[in-house]
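Below is one structure, written out as structure tokens; comments come after it.
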Amino acid sequence: MSTRTIAGKTVQMNDEGFMTNPSEWTREIAAEVAKEEGLPDLNTSHWKVIEFCRSDATSSGKSPTLRRITTATGLSTKEMFALFPKGPAKKVAKISGLGKPEGCV
Amino acid sequence: MAEETRKVAFICSKGDLDMAYPALVMGWAALGNGIDVTIFFTFWGMDMIRKTRQDHLQIAPVGNTAMKLSMMGVKGMDNAGIPNLLGALPGMTAFATKLMKDKMHALGVPPVGEYLQMMVDGGAQLYACKLSVDMMGLKKEDFVDGVIDIVTASDFMDMTEGAQIIFI
């Protein structure tokens with residue numbers, strides 16, 4: 001476990017680069033992490049997914065899997081891979097200040 | 001310079017319901033980790049991509065020494081099997097299949113067809129084996145839309161250069 005300063009804020013982060021305290025997250029952090037993940041311009045669709053993941057994690061206590069995201073938001077798998085290429089669920093969890101999604105589906 | 005993307009390729013050779021899932025689960029996990037996925041369907045594995053077959057795969061209790069009564073909900077029967085003679089009774093394969101499908105459904109695991117479509121949407125590339133296709137007298141139209149082409153074993157070797165290959 002270590003700390004990192006992102007967008008002017010010091011946050012707790014694990015070895016895999018996932019924030020461990022979701023309450024330390026800010027939208028500025030999201031934008032900064034997204035840039036590092038190869039997404040320099042977050043649009044409204046990205047934010048819709050990020051906000052869903054944040055609220056879903058608040059109620060369930062864990063990051064949603066990709067299937068959970070597509071089922072709940074109505075976005076297709078294709079759209080999710082287009083929005084967050086190469087591992088959508090992991091990428092959006094990182095950007096949203098949440099832990100790594102668990103589960104095989 | 002961007003690092004090279006990891007690649008994994010599955011060869012699916014079985015048409016049993018339980019043997020369909022390893023490639024689906026691992027392939028989906030691979031896509032979720034940003035890994036390129038190619039799947040080559042050969043022999044009975046082609047049932048996973050045949051329009052008329054993919055959602056009718058079954059699991060048979062006959063000759064399956066690992067399938068125990070405890071899986072059928074009988075408590076404390078971890079080592080009591082289903083006698084082959086019983087497994088051979090009409091309806092037993094359908095029963096075992098329904099049981100497995102129900103358990104998968106309860107865990108939120110999609111059926112084979114839907115799962116494969118998710119993978120295609122996530123970028124997985126599906127191919128059918130030419131020799132098996134010729135042997136079984138099939139055509140490209142017999143396969144679901146996600147199947148890109150019918151290719152030879154040699155083509156498969158070419159397209160999976162540098163990939164980790166998993167045979168199922």
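Using C-alpha pairs under 8 Å with a sequence gap of at least 6, the mean separation divided by the residue count of chain B gives a relative contact order of 32 percent. The share of C-alpha pairs in chain A whose separation exceeds 18 Å stands at 41 percent. Close amide H pairs (under 5 Å, H built 1.01 Å from N) link residue B:58 with B:17, residues at least 5 positions away or on another chain. Charge tally for residue B:96 (other residues, Cβ to Cβ under 14 Å; Lys, Arg +1; Asp, Glu -1): +1. Counting only alpha carbon atoms, the long axis of helix B:92-106 and the longest principal axis of chain B meet at about 60°.
Once the Cα atoms are used to define both axes, helix A:27-36 deviates from the longest principal axis of chain A by about 80 degrees. Over chain A, accessible surface divided per residue gives 51 Å², non-protein components excluded, 1.4 Å probe.
At a threshold of 8 angstrom on Cα-Cα distance, excluding pairs fewer than six apart, so keeping six or more, what relative contact order does chain A reach in percent? Here the relative contact order equals 30 percent.
For the B and A pair, go ahead and give the buried accessible area with a 1.4 Å probe, both sides summed, in Å² to 100.
About 1100 Å² of accessible surface is lost on pairing.
Assigning unit charges at the beta carbon (Lys, Arg +1; Asp, Glu -1) and nothing else, what dipole magnitude in debye, to the nearest 20, does chain A show about its Cα centre?
That gives chain A a dipole magnitude of about 240 debye.
In units of the compact-protein estimate 2.2 N^0.38 Å, chain B shows a Cα radius of gyration of 1.14.
What FRET efficiency, computed as 1/(1 + (r/R0)^6) with R0 = 45 Å and r the Cβ-Cβ distance, is obtained for residue B:102 and residue A:3, rounded to the nearest 0.05? The calculated FRET efficiency here is 0.45. Look at where the Cα atoms of region B:105-168 and of region B:1-78 average out, and the two centres are 12 Å apart. Take the Kirkwood radius over Cα pairs of the protein assembly as shown, plug it into Stokes-Einstein at 37 °C and 0.692 mPa s, and you get 157 µm²/s for translational diffusion. The value for region A:13-71 of Rg(Cα) / (2.2 N^0.38 Å) is 1.13. Couplings 3J(HN,Hα) for region B:65-70, derived from phi with the Karplus relation 6.51 cos²θ - 1.76 cosθ + 1.60 (θ = phi - 60°), are 5, 8, 7, 10, 4, 4 Hz, where x marks Gly and Pro. Roughly what angle does helix B:17-32 make with the longest principal axis of chain B, taking Cα atoms, 0 to 90 degrees, to the nearest 10? With rounding to tens, the tilt is 40 degrees.
Once all protein chains are placed together, residue A:104 keeps about 90 Å² accessible to a 1.4 angstrom probe. Using every pair of separate Cα atoms, the Kirkwood estimate puts the hydrodynamic radius of region B:73-160 at 16.7 angstrom. For region B:114-155, dividing the convex hull volume of the Cα atoms by the residue count gives 70 Å³ per residue.
The values are calculated or read from the model by the stated rules, or taken from the named source; none is laboratory data. This one's a predicted model, so the numbers in the text were calculated from it and none came from an experiment. Don't worry about glycine lacking a Cβ; one is built from the backbone with ideal geometry, like all the others, and counts go over all protein chains shown. Side chains are part of the model used for accessible areas, which takes the heavy atoms of the whole protein and leaves out ligands, DNA and RNA. Shrake-Rupley method; radii C 1.70, N 1.55, O 1.52, S 1.80 Å.
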